[in-house]
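Engineer: I have a structure I would like to understand better, so I am pasting it below and will then ask my questions one at a time.
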Amino acid sequence: MRLRHIEVFNAVMLTGSVSAAARLLNVTQPAVSRILAHAELQLGFALFQRVKGRLVPTQEAQALYPHVQQLFAQLDEVQRLAASLKHQEREDELRIFTVFALSAEVLPRALGLFRARYPGVAVTIDALHSPQIVAALVRQEADLGFVFTAAAHPSLQQEHLADAHMLCVAPRGLLPAERVASGRLGLADLARLPLVRLAANDPIGTLVGHACREADVSLQALYTVQTYHAALALAQHGHAVALVDACTAASADRGKVDVLSVQPPIAVPVQALRPAQRPASLLAEAMARCMRTALAQTLAT
């Protein structure tokens, strides 16, 4: 199949009809029909059958389609990489990827410090999960990324910014007053409480799982979530006790929850990541310094 054949085939699969595919590709309906017929002629089998006036993909088409989707995903990556390479020529823009936990308190503080020095720089921010950030930085889609406990990658430079710690956020009134007054809660105590925690495949979830195994504690979560602020929200609405990092806990409403340290302590490293293939960016370095300062301010409160 030629690339044009694949493009038309994909459009028909997406839209379900020749007319809709023609509108999507901004060509005429006869042109789509002609290209589709030519593709089938070259392949030696039909891609669609008309059943009660509708196009229905054949088994062969259904077998081909996942590979076509993969091809278009790769083409999208090429386009994003080309755009990012063009972006490198700009000296007045900065693109940042960050995990959600750092986007509510820490990053806004860091941007305040950064903006005071570089008022004219346009900053684009995307909040993603750590694996997505690593993959996107490898593709050079941003200048800088902020993550928790990133694994080393040969295509990325990694800088340690700070160590946050895991905290327990409990709905007000759930814990005994003497326990709240002590300011700390053991992992064994959490095993007896309704709990919301991060998924085990999350970097912080992995840290918590390791700490539990070391302490011979089994935590039974009432809720499992994908973002730190989802856990915090459930705690603030009285559903369960949340295990979150200190950066997330900084935005907790102390009128609704009690915040306690977790014993034994579970450190959460905060890392800055940069594409190793790029020359050092003064803006990225400045933003990393601002982030380090903002982390120190946030974790001290």
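Engineer: Residues of the range 79-111 being farther than 30 Å from Gln297 by Cβ and either surrounded by 21 or more Cβ atoms within 10 Å (Cβ to Cβ) or at pLDDT 75 or above (or both), which ones?
Structural biologist: none
Engineer: For the range 1-23: of the residues being in contact (Cβ under 8 Å) with a residue 24 or more places away in the chain and of a type in the set (Val, Ile, Thr), which is surrounded by the fewest Cβ atoms within 10 Å (Cβ to Cβ)? Spell out the reasoning first.
Structural biologist: Going through the range 1-23, the residues in contact (Cβ under 8 Å) with a residue 24 or more places away in the chain turn out to be 1-2, 4-6, 8-10, 12-13, 16-18.
Applying the additional criterion that residues be of a type in the set (Val, Ile, Thr) yields 6, 8, 12, 18.
Numbers: Ile6: 17, Val8: 27, Val12: 25, Val18: 19.
Top of the filtered list is Ile6.
Engineer: Output the number of the condition that Ala252 fails; it satisfies all remaining conditions of (1) buried (at least 16 other Cβ atoms within 10 Å of the Cβ); (2) small (Gly, Ala, Ser); (3) not assigned by TED's automatic domain parsing to the domain that holds Arg179.
Structural biologist: Looking at each condition in turn, Ala252 falls short on (3).
Engineer: Further question on the same structure: For Ala199, indicate whether it is within 28 Å of Ile133 (Cα to Cα), in contact with a Gly (Cβ under 8 Å, 6 or more places away or on another chain) and not assigned by TED's automatic domain parsing to the domain that holds Ala288. Outline the logic, then answer.
Structural biologist: Numbers: within 28 Å of Ile133 (Cα to Cα): yes; in contact with a Gly (Cβ under 8 Å, 6 or more places away or on another chain): yes; not assigned by TED's automatic domain parsing to the domain that holds Ala288: yes.
Yes, satisfied.
Engineer: Next question, about the same structure. Does Gln62 fit the bill of being at pLDDT 90 or above and not hydrophobic (A, V, I, L, M, F, W, C)? Give the derivation first.
Structural biologist: Numbers: at pLDDT 90 or above: yes; not hydrophobic (A, V, I, L, M, F, W, C): yes.
Yes, satisfied.
Engineer: Name the single residue, out of those in the range 24-76 being surrounded by 14 or more Cβ atoms within 10 Å (Cβ to Cβ) and of a type in the set (D, E, K, R), that is farthest from Glu7 (Cα to Cα).
Structural biologist: Residue satisfying both the conditions and the ranking: Glu60.
The values are calculated or read from the model by the stated rules, or taken from the named source; none is laboratory data. Note that this is a predicted model, so its numbers are computed, not measured. Cβ sites come from the backbone with ideal geometry, for glycine too, and all protein chains shown count toward neighbours.
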